[in-house]
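Shown next, in C-alpha cells, is the structure this report addresses.
The values are calculated or read from the model by the stated rules, or taken from the named source; none is laboratory data. Predicted, not measured: the structure shown is a model, and the values here were computed from it. All Cβ positions, glycine included, derive from the backbone under ideal geometry; neighbour counts span all protein chains shown. Each accessible area value is taken on the protein alone, full model and side chains, heavy atoms only, with ligands, DNA and RNA left out. Shrake-Rupley method; radii C 1.70, N 1.55, O 1.52, S 1.80 Å.
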Amino acid sequence: MADELLFNPRTYDPAHFDPETRRLLRATVDWFESRGKRRLIDDYRSRVWLEDFLAFSAKEGLFATFLTPATDAARPDQRWDTARVAALNEIFGFYGLDYWYAWQVTILGLGPVWQSGNAAARARAAELLSRGEVFAFGLSEKSHGADIYSTDMLLEPDGHGGFRATGSKYYIGNGNAAGLVSVFGRRTDVEGPDGYVFFAADSRHPAYHLVKNVVDSSKYVSEFRLEDYPVAPEGVLHTGRAAFDAALNTVNVGKFNLCTASVGICEHAMYEAVTHAHNRILYGRPVTAFPHVRRELTDAYVRLVGMKLFSDRAVDYFRSAGPDDRRYLLFNPMTKMKVTTEGEKVIDLMWDVIAAKGFEKDNYFAQAAVEIRGLPKLEGTVHVNLALILKFMRNHLLEPVDYPEVPARLDAADDAFLFRQGPARGLGSIRFHDWRAAFDAYAAVPNVARLREQADALCTFVGTAAPDEEQSRDLDLLLAVGQLFALVVHGQLILEQARLTGLDQDVLDELFAVLVRDFSGYAVELHGKDSATEQQQAWALGAVRRPVVDEARSARVWERVEALSGAYEMAP
C-alpha cells in the first residue's frame, strides 16, 4: 500500500483540484514517466537545454494555465493559485530541478509584470505565455549580487518618454530564451529611490547580448548585457519606489516555491535509498536491520513529512493574505530557510545509509545530493532569511492577537493579493495569532509537550535575556537565536496541518522527538557563542531537553519507512 503522506507517481491522483488542474498535473507526471529514468539522467548529465520539456508545456498550456492571473486570463481555468503552483513545484523537484528552475524564473519574471498597471505589457505577457514562452527576472548583477540599491543598469531618457538602457545582469535564469525579461535599473537623471525603473526587455532583440551561462548545467543561469537598448513607454513596468517594492514583492512570491521543490527532491531520493538499503545484505542481514540505519531513515522520513506539512499549511496563509493579514511574510522566509535546510538534512541522513550508492550515475540520488544544496542558497541565503524572521520574533511569541482561523485553501480561486502586496515595509507591525493553540491541541502527545516546554522557555528568554543593543549587532549570536525561534514556528504550522489532515500521532510524536533534539542542539550552540552572557548561557543549558523515548512507537513508524522499499521506481 502506498504511503499517503508522500508523492508517488504510481498512485498520484490530485482529486482535490478542479478537472483541468488534475489533467495537467497528471499529464506532467505521465510525460516524465514516459521518458524514463535513463533519459532523465542523461539529459541532466549532458546539460541540454529543455526544448522538449518546454514544447510539452506549450502544447498543454501548462505555464499559461497556472501562471496567468484571472484578470488577464483568456480561459476560465487560468488563474494564479498557490496550491496548484505548489503541487507542480513538487512534481518538478521530484523529476529534476532543471525543469523546476525554468518554471521558477518564469514566475520571477512575471512578478513585476503582474504587479504593473501597464495594460500593454500585461497583454504581451499573457500572449507570450499562451505561446509557451519562458520569462526571466533581471535583478542581480555581477558586482552587487541582489543589492538593488547599487544597480549599474543605467537608463538614459530618450526625450520621447522612453529610455536607452545600458548595463549588465548576472545570475539571470532563462536569459538565453526569455520572451520577456523584467529588468531592474535606475535613471541617469534622477537620484535616489525615485530613479528606479523596472522595464521589459526581449532576449531576441539585437541590443540584448547574451554573454554566457555562468553555471555548468541545463539551467541557463545567464550573464547578459544591454547596449543602448530602446525602452519604449509601453515597456516601462514600474518607476520610483514602486519598482523597488515590485522587486521585493516578486521575491516574496517566488521564494515560496523552493520549499515544495525540496520536498519533491527528497521524496524521489527516499524511494531509492530505502529500496537500496532494505535489499542490500551486509554481514548476512539486510542493512535496515541495523539500529543506526533504522534511526537515520526514520529521522529522514519524519523530517520529510514535517517539510511537507509545514509547506502545505503555509499555502493557506499565502492564499488568505490581505492588507490586514500579512502573516505570510513570516511563513514565507520560513519555507525558504527552514524547509530547504531540512531537505539537506534528509538527503544527508539517507546518504549516510547508502554511502557509495549515492554517487552512482544511474541513480536519481546522485543529482538529488547536488541539487538539494542549491535551494537554501537561492532567493536569499539562509542567513538573510534567518535575519528576516527575527524581525517577527517578539510579536509572534509574546504579543498574539485574535484572527479568524485560516481554513485549508484548496479552492479554485485566484490569489490576486500576491500582485498587490503594496509597500515592502512595516514588518515590525505585523501581528500573529497565538501559537500556543496549535500545541495545546496536541498536549497529550509526549514530544509535542516537550517542545512546548522549550518554546515557553524561549518566551522567557525573549522577555528576560534577549540580546542587548550591542549583541543585536552580533549576527552570529542572533542567528543561533533565530534557529530556536524557527523551530517554534515550524512546529506550530506542522501541528495546524496535522489537525487538518488527521496525521497519524505516532508519526507526529516521532517527528517532534527530532525537533526536541534540534532545539537542544541550537541551545547548546547559543551557549557556546563568544558574546553570550552568563544569563544567556545558563538559560541555554536549562532549555536542553531529552525527547520522550517510546520503542514501540518508533517501531511502528519504522514499519511505514520499511514499506517504502519497492513502492516506486522510475521506469528505465
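Going by what's in this entry, would Arg75 be described as farther than 17 Å from Ala413 by Cα and open to solvent by 40 Å² or more (accessible area, probe 1.4 Å)? Walk me through how you get there before you give the answer.
Numbers: farther than 17 Å from Ala413 by Cα: no; open to solvent by 40 Å² or more (accessible area, probe 1.4 Å): yes.
When the stated conditions are applied, Arg75 does not pass them.
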Restricting the search to region 353-391, which residues are under 19 Å from the mean Cα position of the chain (by Cα), more than 30 Å from Pro572 (Cα to Cα) and of a type outside the set (A, V, I, L, M)?
Pro376, Lys377, Glu379, Gly380, Thr381, His383, Asn385
Going by the conditions given, is Leu282 crowded, with 22+ Cβ neighbours inside 10 Å and of a type outside the set (Phe, Trp, Tyr)?
no
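Does Leu503 satisfy being open to solvent by less than 30 Å² (accessible area, probe 1.4 Å), touching a residue at least 60 places away in the same chain (Cβ under 8 Å), aliphatic (A, V, I, L, M) and not in a helix (DSSP H, G or I)?
yes
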By residue number, the members of region 137-152 that are under 21 Å from Ser203 (Cβ atoms) and not β-branched (Val, Ile, Thr) are Phe137, Gly138, Leu139, Ser140, Glu141, Lys142, Ala146, Asp152
Identify, please: which residue in region 132-184 is of a type in the set (Ser, Thr, Tyr) and touching a strand residue (DSSP E or B) at 6+ places or on another chain (Cβ under 7 Å) and is, among those, nearest to Ala120 (Cα to Cα)?
Ser182
Looking only at region 507-516, decide whether some residue is surrounded by fewer than 21 Cβ atoms within 10 Å (Cβ to Cβ), among the hydrophobic types (A, V, I, L, M, F, W, C) and farther than 21 Å from Glu4 by Cα.
yes
Out of the residues in region 217-246 that are open to solvent by less than 20 Å² (accessible area, probe 1.4 Å), of a type in the set (Gly, Ala, Ser) and modelled with pLDDT of 95 or more, which is nearest to the chain's Cα centre (by Cα)?
Ala246
Reported set for region 190-213 where residues are in a loop (DSSP other than H, G, I, E, B) and in contact (Cβ under 8 Å) with a residue 60 or more places away in the chain is Ser203
I'd like to verify a number: residues in region 39-54 that are under 18 Å from Ser130 (Cα atoms) and open to solvent by 50 Å² or more (accessible area, probe 1.4 Å), how many?
2
Consider only pairs whose beta carbons are under 8 Å apart and that are at least six residues apart or on different chains; among these, list those whose first residue lies in region 23-38 and is touching a residue at least 40 places away in the same chain (Cβ under 8 Å) and on the phi < 0 side of the Ramachandran plot and whose second residue is of a type in the set (D, E, K, R) and open to solvent by less than 20 Å² (accessible area, probe 1.4 Å).
Leu25/Arg84
Tally the residues that are in contact (Cβ under 8 Å) with a residue 40 or more places away in the chain, among the acidic types (Asp, Glu) and not in a loop (DSSP other than H, G, I, E, B), restricting the search to region 449-474.
1
Which condition does Pro423 not pass, out of (1) open to solvent by 20 Å² or more (accessible area, probe 1.4 Å); (2) touching a residue at least 60 places away in the same chain (Cβ under 8 Å); (3) of a type outside the set (Gly, Ala, Ser); (4) in a helix (DSSP H, G or I), if it passes all the others?
(4)
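Checking the conditions here, which among Asp245, Asp216, Asp152 is more than 16 Å from Leu139 (Cα to Cα) and either in contact (Cβ under 8 Å) with a residue 12 or more places away in the chain or in contact with a His (Cβ under 7 Å, 6 or more places away or on another chain) (or both)? Lay out the reasoning, then the answer.
Details: Asp245 fails: more than 16 Å from Leu139 (Cα to Cα); Asp152 fails: more than 16 Å from Leu139 (Cα to Cα).
That would be Asp216, the only listed residue that is more than 16 Å from Leu139 (Cα to Cα) and either in contact (Cβ under 8 Å) with a residue 12 or more places away in the chain or in contact with a His (Cβ under 7 Å, 6 or more places away or on another chain) (or both).
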Does region 221-229 contain any residue that is under 30 Å from Val293 (Cβ atoms) and among the hydroxyl-bearing types (Ser, Thr, Tyr)?
no
Being touching a residue at least 40 places away in the same chain (Cβ under 8 Å) and among the basic types (Lys, Arg) is the filter; apply it to region 517-545 and report the residue that is surrounded by the fewest Cβ atoms within 10 Å (Cβ to Cβ).
Arg545
Filter region 1-14 down to the residues that are free of Cβ contacts under 8 Å to residues at least 40 places away in the same chain and within 24 Å of the chain's Cα centre (by Cα), then identify the one that is least open to solvent (accessible area, probe 1.4 Å).
Tyr12
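Being among the basic types (Lys, Arg) and either within 27 Å of the chain's Cα centre (by Cα) or within 21 Å of Leu329 (Cα to Cα) (or both): is that true of Arg473 here?
No: the conditions fail for Arg473.
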Is it fair to say Leu67 is surrounded by 13 or more Cβ atoms within 10 Å (Cβ to Cβ), aliphatic (A, V, I, L, M) and in contact with a strand residue (DSSP E or B) (Cβ under 9 Å, 6 or more places away or on another chain)?
yes
Looking at Arg164, is it part of a helix (DSSP H, G or I), open to solvent by 40 Å² or more (accessible area, probe 1.4 Å) and basic (Lys, Arg)?
no
Given the structure, is Thr21 surrounded by 13 or more Cβ atoms within 10 Å (Cβ to Cβ), more than 17 Å from Ala571 (Cα to Cα) and β-branched (Val, Ile, Thr)?
yes
What's the total number of residues in region 474-500 that are closer than 19 Å to Arg313 by Cβ and open to solvent by less than 10 Å² (accessible area, probe 1.4 Å)?
12
Just need a number here: residues in region 173-201 that are closer than 18 Å to Val113 by Cα and either surrounded by fewer than 16 Cβ atoms within 10 Å (Cβ to Cβ) or of a type in the set (A, V, I, L, M, F, W, C) (or both).
11
So which residues in region 427-448 are in contact (Cβ under 8 Å) with a residue 60 or more places away in the chain and either touching a Leu at 6+ places or on another chain (Cβ under 9 Å) or surrounded by fewer than 16 Cβ atoms within 10 Å (Cβ to Cβ) (or both)?
Leu427, Ile430, Phe432, Ala438, Tyr442, Val445, Asn447, Val448
